[in-house]
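Visitor: Handing you a structure now.
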Amino acid sequence: MVHQKAILTLIEEVDPARRAEAHRILAVRAQARSDNRSAVHHLREAVALMPNDAEARRLLLALEGVDRTGGGFLGWLLRRPEA
């Protein structure tokens with residue numbers, strides 16, 4: 001399975017690009033299970049490994065905006081006073 005291969009990549013690989021890709025895969029799997037906390041964790045790891053990874057950044061921003069605590073960009077935007 002794809003997520004098992006991603007886990008093996010995290011264990012065995014030292015290449016940051018491959019590790020970031022594995023974290024993205026695990027994030028998508030976690031999000032599919034509605035486990036946004038794990039998905040955000042994996043996406044943060046992916047961005048830490050590959051700061052220019054536009055896809056990981058996009059996914060992270062989207063998930064942080066769904067944060068149930070009202071955090072993230074969407075929470076900030078919704079709490080903004082009217083100008």
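Visitor: For ARG37 and LEU8, compute 0.36 nm times the residue count separating them, minus their Cα-Cα distance, and round to one decimal in nm.
Guide: 8.3 nm
Visitor: Quick one: what are the phi-derived ³J(HN,Hα) couplings along segment 53-60, Karplus 6.51/-1.76/1.60 with θ = phi - 60°, whole Hz, x for glycine and proline?
Guide: These are the phi-based 3J(HN,Hα) values: 6, 4, 5, 5, 5, 4, 4, 5 Hz.
Visitor: Something else: Separation between the ARG18 and GLU55 pseudo-spin-labels, each 7 Å from Cα along Cα→Cβ, expressed in nm?
Guide: Result: 1.7 nm between the two label points.
Throughout, read-outs are computed from the coordinates displayed, never taken from laboratory work. In this text the structure is predicted, and so the values were computed from the model without any measurement. Using ideal geometry, Cβ is built from the backbone for each residue, glycine included, and neighbour counts are taken over all protein chains shown.
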